[in-house]
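First comes the structure, then the notes that go with it.
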Amino acid sequence: MDQIRDDQSQRPKKLRYKIGDLLKVIGLAKATYHDERKQIAHSHDKYEEAKVQILKIAQRFRLRGRWTASYRRIQMELDQIGLHLSGDTIRKLMRELNIQVTLYNRHRNGKYSSYHGTVGKIADNRLKQNFNEKRPYYVIHTDVTQVRLIISGLISQR
């Protein structure tokens, strides 16, 4: 928007685009435009001091190049300094600073997997998926994934 107006500044005033017309084409309210311009002109980060302190505290608790201080520990340290912030604010600032606890965070390192490798003995596949035996009880098979054991009920009855 400002670039368009800057390009138009060389033209006579009658030939320039009006702000209201440009905003109407873009679909932006006039108040929003002026508010955004004001914020850009007077940009001030009210958490600038807090970010510096959070970074210092997080650096102190770094272990083997990894972040280990969570927001609770950082909040406790900030309270001792005299900087009182809510936990949500500290988490937001840590996210902006890209400080994420990685040493003890299993969710960041991958999804849950209960796989423990090959467990037990795997029987030879002698049937080779041929279950059409005519003799009774010569081939007995079941789907072991459907077998449920109720061990806790047996233990409580004793």
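Hey, can you tell me all the residues within the stretch 76-86 that are part of a helix (DSSP H, G or I) and either open to solvent by 50 Å² or more (accessible area, probe 1.4 Å) or touching a Pro at 6+ places or on another chain (Cβ under 6 Å) (or both)?
So the first thing to find is which residues in the stretch 76-86 are part of a helix (DSSP H, G or I), and the list is 76-81.
Across the stretch 76-86, the qualifying residues are Met76, Asp79, Gln80, Ile81.
Mind listing whichever residues of the stretch 14-73 are open to solvent by less than 100 Å² (accessible area, probe 1.4 Å) and basic (Lys, Arg)?
Arg16, Lys51, Arg62, Arg73 - these are the residues of the stretch 14-73 that are open to solvent by less than 100 Å² (accessible area, probe 1.4 Å) and basic (Lys, Arg).
Checking the conditions here, which among Gly65, Gly20 is small (Gly, Ala, Ser) and on the phi > 0 side of the Ramachandran plot?
Gly65
Does Glu133 count as of a type in the set (Asp, Glu) and open to solvent by less than 100 Å² (accessible area, probe 1.4 Å)?
Numbers: of a type in the set (Asp, Glu): yes; open to solvent by less than 100 Å² (accessible area, probe 1.4 Å): yes.
Yes.
Take the residues of the stretch 136-158 that are of a type in the set (A, V, I, L, M) and modelled with pLDDT of 75 or more: which is surrounded by the most Cβ atoms within 10 Å (Cβ to Cβ)?
Filtering the stretch 136-158 down to residues of a type in the set (A, V, I, L, M) leaves 139-140, 144, 147, 149-151, 154-155.
In the following step, the residues that additionally are modelled with pLDDT of 75 or more were identified as 139-140.
Numbers: Val139: 13, Ile140: 7.
Ranking the candidates gives Val139 first.
Being assigned to a loop (DSSP other than H, G, I, E, B) and modelled with pLDDT of 80 or more is the filter here; which residues of the stretch 94-114 pass it?
The answer is Leu97, Asn98, Ile99, Gln100, Val101.
Of all helices (runs of 4 or more DSSP H) completely enclosed by the stretch 1-71, which ones contain at least 2 residues that are more than 30 Å from Thr102 (Cβ to Cβ) and among the basic types (Lys, Arg)? Write out each step before concluding.
Working: elements: 2-8, 19-26, 30-41, 48-60.
Once the helices (runs of 4 or more DSSP H) in the stretch 1-71 are filtered for at least 2 residues that are more than 30 Å from Thr102 (Cβ to Cβ) and among the basic types (Lys, Arg), what remains is 30-41.
(1) over 17 Å from the mean Cα position of the chain (by Cα); (2) farther than 23 Å from Asp45 by Cα: which one isn't true of Trp67, the others all being true?
(1)
The values are calculated or read from the model by the stated rules, or taken from the named source; none is laboratory data. These figures come from a predicted structure and were not determined experimentally. Reconstructed Cβ throughout: ideal geometry from the backbone, glycine too, with neighbour counts over all protein chains shown. Heads up: the accessible areas ignore ligands, DNA and RNA and are worked out on the full protein's heavy atoms, side chains in. Shrake-Rupley method; radii C 1.70, N 1.55, O 1.52, S 1.80 Å.
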